[in-house]
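Worksheet: one structure, shown below.
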Amino acid sequence: MLNDNAKWIELVRSKSASWFALADRLSSLGEQIASIETEFDSEEGLADYRTLTLLFFFRSASNFRGTILMAERAMIIEARTLARSCGECAICLAGLKFDPEQWRSMLHDELASRKGRAKLLARNENWLNPDDVDRLRAFVEKIEAEGTLSRLDFSKIAINAGIEIFYLHYRQLSADAAHPSIEALNRYIIENEDGAVQEIQSVPPHKSEDIDSSLSIACNFFFLCITVLLEKLPNEAYQKDFGTLWEEYKRLIRSENQGGKPTKASS
């Protein structure tokens, strides 16, 4: 049964102390960066890279903090799903860096989604009155008259930006948490030594390795988000803090790769 009281959170955090310490500090840095001056004159709207960059970053910072909150409650599926959302922002931010016109692709994706929803509603006339159905059909016809619309391709964006490994992590989180796949559903199952189903739990059992992995991936995504933002809106003080946290991240990764348990991160 889920338990989000202080003692439970303290226990979960104690078993993954290094990763939580790093994630907390990285989230705090993100909040500081998000508080920088965001007012600027622009008549371009989403075509101004600064607008999209800030919007993506604000969303990623929220996703990242949510990942930490879910991880400390051992809600592993929810933590990894929010980490995946952070990864989407990271991929889009990197894509925007290499293709400032990405907003056009996003607009096409948005229109394609709206058209699909409108067609679904129009096919079910009993849901709406006749006037609403007519308006929906007119909307669909107007969009279709403008030509073929393509949906966002995260794989293509990642390849063009040279960050395919981030897309691989994004796909992994989709498979084992965000989507109701066999891999994700298996988290609710406890098997015996022969691989047979021993028990099905209402809340997926977790291991500290799951928490570590989720925070590690989420941190990597958010590091990329901060990197892109600081390139667009440079800040020397934040860049120094970022470098310190990046070195700590690499140290934790090296420690895990060597099979050791990371020591508590410095504060």
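The values are calculated or read from the model by the stated rules, or taken from the named source; none is laboratory data. Quick caveat, the model's predicted, so the values are computed rather than measured. Cβ coordinates were reconstructed from backbone atoms using ideal geometry, including for glycine residues, and neighbour counts include every protein chain displayed. Note: areas computed on protein heavy atoms with side chains; ligands, DNA, RNA excluded. Shrake-Rupley method; radii C 1.70, N 1.55, O 1.52, S 1.80 Å.
Quick one: angle between helix 102-123 and the longest Cα principal axis of the chain, in degrees between 0 and 90, rounded to 10, please.
With both axes taken from Cα atoms, the answer is about 70 degrees.
Which of rounded, prolate or oblate describes the chain when judged by the alpha-carbon gyration tensor and an a/c cut-off of 1.5? Each step should come with its number before you reach the end.
Numbers: a/c = 2.25, a/b = 1.29, b/c = 1.75.
Oblate, since a/c reaches 1.5 and b/c is not below a/b.
Highest mean first, what order results for 77-85, 52-60, 109-117 on Cβ atoms within 10 Å?
Order by mean packing, descending: 77-85, 52-60, 109-117.
May I ask for the net charge around Cys225, where only other residues with Cβ less than 13 Å from the Cβ of Cys225 are counted and Lys, Arg are +1 while Asp, Glu are -1?
Charge balance near Cys225 sits at +1.
What are the ³J(HN,Hα) values, in whole Hz, obtained from phi via the Karplus relation 6.51 cos²θ - 1.76 cosθ + 1.60 with θ = phi - 60°, for each residue of the stretch 16-31 in sequence order, with x given for Gly and Pro?
Each residue's phi maps through the Karplus curve to give 10, 4, 5, 5, 5, 4, 5, 4, 4, 5, 5, 5, 4, 4, x, 5 Hz.
Would you work out what percent of the accessible area of the chain, with all protein chains in place, is carbon or sulfur (probe 1.4 Å)?
51
Using helices alone, I'd like the mean residue ellipticity at 222 nm for the chain: each DSSP H run of four-plus residues gives -39500 (n - 2.57), total over residue count, nearest 500.
For the chain, the value works out to -22500 deg cm²/dmol.
Where does the charge balance sit around Ala175 when Lys and Arg score +1, Asp and Glu -1, over other residues with C-beta under 11 Å from its C-beta?
Numbers: positive: Arg80, Arg84, Arg171; negative: Asp176, Glu183.
That works out to +1.
Does the stretch 69-212 classify as rounded, prolate or oblate by the C-alpha gyration tensor (a ≥ b ≥ c root eigenvalues; a/c under 1.5 gives rounded; else a/b over b/c gives prolate, otherwise oblate)? List each step's numbers first, then the result.
Values: a/c = 3.13, a/b = 1.54, b/c = 2.03.
The shape class here is oblate.
So with the 1.4 Å probe, I'd like the accessible area per residue for the chain, rounded to whole Å². It would help to have the intermediate numbers written out before the result.
On the way: 15180 Å² over 267 residues.
For the chain, the per-residue accessible area is 57 Å².
Report, to the nearest 10°, how far helix 130-145 tilts away from the longest principal axis of the Cα atoms in the chain, using its own Cα long axis and a range of 0 to 90°.
The two axes meet at around 80 degrees.
Name the residue, out of Leu22, Leu120, Leu93, whose mean-square fluctuation peaks in a Gaussian network model built on the chain with Cα pairs under 10 Å.
The residue that fluctuates most here is Leu120.
What is the packing order of peptides 136-144, 155-163, 217-225, taking the mean over residues of other C-beta atoms within 10 Å and listing the highest first? The partial results should precede the final answer.
On the way: 136-144: 14.0, 155-163: 17.1, 217-225: 24.7.
Packing order, densest peptide first, comes out as 217-225, 155-163, 136-144.
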